[in-house]
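Reading through the structure tokens given below for one structure.
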Amino acid sequence: MLELKRHHDFQLFLSPHVGKLALTNPPSFNWPQPNCADQYRVELDHLDSHLNWRWESVSSPLQINEVLGKGNYRWRITDSNNQRSDWMTFSIDSSVPDYLPPNANELFDLCRDKSQFLMYFDEDISTIKNASTADHKKFKETAKLAVDPTTISYPDHYRRGHEAGKRTAITNVREWIDRDLITLTLLYKIWGEADHGQQAVELLLALAQWSPEGPATLVRPLTWGDEVGLSLSRNLFLAYHWLSPLMTDPEKGFIRPMLVRIGYQLEERMAQDELHQFPGHSHTSRLPGYLGIAALALHKEFDRDVCERWLNYALMIYRGILPFYGGRDGSWAEGPFYSSSYSKWHHPFFLAVERLSDFSFYEHPFYKNYTQFAMDFVATEQSIHPFGDGFWCKRESVEWPGFFAQNPLRIYAERFGDINAYQSSAALESQISCYSLHLLDVIPTIKQIPYREKAELALENAKEAVTENTDIGRFYDYGGFGIAKRQGLSLSYRASQFGNSSHRHADQGNIALMDNGVGVLTPTGSYGYCFGSSHHKDWTRTTLAHNLPLINGGGQILDDEVAKARLISEQQDDGWYFAQLDLSDAYLDTKSFIRSLFLIKGKGIVIVDNIELVSVQSVQWRLHSQVTAQQNGNIIELKTGDDKCEHQVYQCALLNESTIKPQICLGYDEKIPYSGGIESDAIQDVSHFIWELPANKSHTIVAGCLSDLTGISVKESHSVCLEVGSECFTLVGNKLDCVR
């Protein structure tokens with residue numbers, strides 16, 4: 001029997017998913033391979049007819065060039081040793097989108113009679129200009145920040161004693177290239193402002209003097225990082241194409257070799273990381289869209305066969321490999337902060353292909369459903385946005401300007417959202433005075449304008465703000481995030497099929513409790529106050545920083561695909577929400593770890609942990625908060641707000657371990673450097689609460705963080721009784737019963 005098992009947390013999943021609807025039609029047949037060079041036989045049967053297909057000597061992904069008929073299918077693969085997998089079933093119905101993009105040569109042919117064909121045709125400009133009046137004003141303000149091209153300098157953090165300049169180099173290129181170059185270029189491209197266009201040309205020519213090697217390379221080992229190369233590859237091809245009417249042939253001839261070298265680097269980097277098999281490489285997964293734009297921009301001026309290879313690779317990746325961290329339900333496994341940017345890197349490529357061919361990558365279920373996830377986790381006005389790296393960052397960030405996207409709903413809300421999404425997107429847009437980092441989705445393409453007009457009309461017809469029902473409870477299965485809201489209280493949690501690696505932390509089962517956007521219980525930590533600090537490695541990424549226990553002094557497994565969790569069950573009613581999670585695989589030496597979460601409207605949460613260990617071990621149970629904390633015996637009181645405004649007090653206690661006194665620790669031990677430090681968005685005034693439980697093989701912890709601890713009792717049998725108004729809830733083992 002051939003076992004199709006992932007060998008790394010970055011490796012792709014088996015797809016189409018067994019027993020599920022295909023994501024697209026035709027599906028991309030993906031399977032984890034021990035070696036990318038291995039070849040297989042693939043068999044596909046249509047169970048509702050006599051149709052069948054066979055392919056010999058193929059590797060993942062297998063992408064066929066015909067739309068399949070509706071119905072039920074099965075498929076299996078056989079390796080070179082004649083070991084067969086089980087038959088795997090999937091189905092296709094009318095809800096599955098046709099998803100057969102044009103190939104590279106077809107796209108090149110569509111460019112044949114056009115001199116400008118990336119996102120905007122010449123005949124589009126008048127309409128786009130009329131639709132972008134408000135955007136124009138902000139671009140003009142942003143242009144005031146533009147650097148003098150004669151003052152930019154090549155990154156020097158490769159030099160001895162200048163290593164700390166890596167952080168400065170990232171800031172510089174995101175300002176000079178992502179912000180300034182694109183702002184000036186778009187002011188010329190859309191509004192015909194030749195003075196700004198010439199300023200952009202001068203900046204582009206100055207950047208073309210840089211070596212694309214060393215600190216600007218995209219190719220491993222990346223001794224000096226890759227963010228400089230990422231900004232160059234993200235923007236230079238578009239700027240070159242859009243500014244070409246202003247440049248002489250010698251000027252274009254000077255810039256072009258750098259672009260060609262960057263194109264080859266993009267290809268080499270994705271080959272190094274075997275992206276088609278390991279799409280979880282975070283930075284590498286940005287590159288296919290850049291390579292696609294590179295191929296389109298250069299195909300009339302450089303080796304067409306090479307450009308065809310580049311473009312077909314990009315089309316293959318987006319047809320069925322990416323989004324890897326984004327799934328059918330619109331969730332993003334790396335968390336809200338990273339989703340806000342990683343849902344944007346591909347926009348220029350998608351919009352360019354859509355403008356040329358009428359095929360739209362946005363028909364993939366992830367892109368169609370991202371708006372809801374973003375409304376729940378990303379576009380909210382909260383003190384933090386759990387989970388994953390960057391959860392502490394602000395939308396108007398001093399730490400990573402623009403990376404927490406100023407408007408993560410842009411494009412998505414207008415296409416796929418409702419009136420609430422339109423209003424949220426418009427509100428976010430209204431807060432922007434100058435653009436940061438993500439400027440390539442601001443000006444609508446001719447295909448985007450009808451969606452924008454539809455949203456604007458809906459907003460005009462809404463006489464007053466539409467109030468969304470704030471009482472929700474849902475779980476995003478793909479990314480593994482749950483959220484419940486009741487009367488201003490919000491509970492979010494993580495239980496993911498993705499392990500604890502990349503930008504994810506050792507935090508399966510972690511929770512955050514927000515009271516009207518203020519963090520009552522939250523994860524803690526940040527990247528730290530100097531680049532690559534131990535604070536991020538030794539605190540933020542580890543279980544220490546999160547609302548989870550340590551077992552025998554150790555936290556959850558890091559950097560391993562086995563550290564998974566899952567939602568067991570979910571129940572809810574008007575006044576409460578209940579979820580139960582299985583965290584057993586996330587810890588070593590654990591037979592079973594079941595966490596139950598109970599959000600009570602107007603009161604707070606109760607957490608019940610049932611832990612079975614392989615041997616007698618101690619448990620350190622931990623919570624964290626960013627609000628004022630005060631100890632009162634065995635109870636910790638948390639107060640939102642301050643003496644100048646209305647506040648709410650929450651009481652935290654172990655309800656079944658009344659003799660154990662908690663310990664409160666404040667802040668962090670991290671030393672802040674006198675020089676070379678970075679500004680951080682993270683809140684420093686945090687508190688950590690620790691309960692030390694005696695060694696045992698079985699541990700049951702019942703904890704409450706509630707506005708009132710009365711009405712809650714814990715019986716000796718470890719059943720938990722919760723009295724909420726006229727309702728009484730009893731949790732026995734893994735079952736919740738409600739008696740009215």
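In whole angstrom, how long is each semi-axis of the equivalent ellipsoid of the range 1-97, when you take the square root of 5 times every eigenvalue of its Cα gyration tensor and sort them from largest down?
In descending order the semi-axes read 22, 15, 12 Å.
Could you go through the range 295-307 in sequence order and give the Karplus-derived ³J(HN,Hα) for each residue, using 6.51 cos²θ - 1.76 cosθ + 1.60 with θ = phi - 60°, rounded to whole Hz, and x for Gly and Pro?
4, 5, 5, 9, 5, 8, 10, 9, 3, 5, 5, 5, 4
As an exercise, use a Förster radius of 25 Å and the Cβ-Cβ distance of V614 and D560 to find the FRET efficiency, rounded to the nearest 0.05.
Result of the calculation: an efficiency of 0.90.
222 nm [θ] for the chain, helices only, -39500 (n - 2.57) per DSSP H run of 4+, per residue, to 500?
My calculation for the chain gives -7500 deg cm²/dmol from helical runs alone.
Per residue, how much accessible area does the range 290-357 show when a 1.4 Å probe rolls over the protein heavy atoms, in square angstrom?
20 Å²
Return P(r) of the range 543-649 (all Cα-Cα pairs; 5 Å bins starting at 0; whole %; ordered from short to long distances).
For the range 543-649, the binned pair fractions read 2, 10, 16, 19, 17, 15, 12, 6, 2, 1, 0 percent.
Jot down the radius of gyration and Dmax of the range 210-309, Cα atoms only, both in angstrom.
Answer for the range 210-309, Rg first and Dmax second: 13.5, 42 Å.
May I ask you to give the percent of accessible area on the chain that is carbon plus sulfur, with a probe radius of 1.4 Å?
Heavy-atom surface of the chain belonging to carbon and sulfur, 1.4 Å probe: 48 percent.
Taking only protein heavy atoms into account and a 1.4 Å probe, give the accessible area per residue of the range 495-569 in Å².
28 Å²
Calculate, in whole percent, how much of the Cα-Cα pair population of the range 374-504 lies beyond 25 Å.
Roughly 33 percent, rounded to a whole number.
For the range 1-80, which GluC sites (Glu not before Pro) are in a loop by DSSP, counting at most 11 other Cβ atoms within 10 Å?
Answer in residue order: E3, E66.
Taking each pair of distinct Cα atoms in the range 56-122 once, what is the resulting Kirkwood hydrodynamic radius in Å?
16.0 Å
Give me the net charge of F108's neighbourhood, meaning all other residues with Cβ under 14 Å from the Cβ of F108; Lys, Arg count +1, Asp, Glu -1.
In short, -2.
Under 11 Å from the Cβ of N35, count the other residues' Cβ atoms, weight Lys and Arg +1, Asp and Glu -1, and hand me the total.
So the environment of N35 carries a net charge of -3.
Treating only the Cβ of Lys, Arg, Asp and Glu as charged (+1, +1, -1, -1), what charge dipole size does the chain show about its Cα centre? Round to the nearest 20 debye.
400 debye
Please compute the net charge surrounding L207, taking Lys and Arg as +1 and Asp and Glu as -1 over other residues with Cβ under 15 Å from its Cβ.
Value of the local net charge: -2.
Antiparallel DSSP bridges in the chain: what percent, to the nearest 5?
95 percent
Where Rh is the Kirkwood radius over the Cα pairs of the range 260-403, the temperature 25 °C and the viscosity 0.890 mPa s, what D in µm²/s does Stokes-Einstein return?
152 µm²/s
Can you tell me what percent of all Cα-Cα pairs in the range 534-578 are more than 15 Å apart?
Summing the P(r) of the range 534-578 above 15 Å gives 61 percent of all pairs.
Just the projected area, averaged over all directions, of the convex hull on the alpha carbon atoms of the chain: how many nm²?
Its average projected convex-hull area is 34.8 nm².
The values are calculated or read from the model by the stated rules, or taken from the named source; none is laboratory data. Model, not experiment: these values are computed from the prediction. Neighbour counts run over all protein chains shown; Cβ positions are idealised from the backbone, glycine included. Surface accessibility is based on the protein's heavy atoms, side chains included, excluding ligands, DNA and RNA. Shrake-Rupley method; radii C 1.70, N 1.55, O 1.52, S 1.80 Å.
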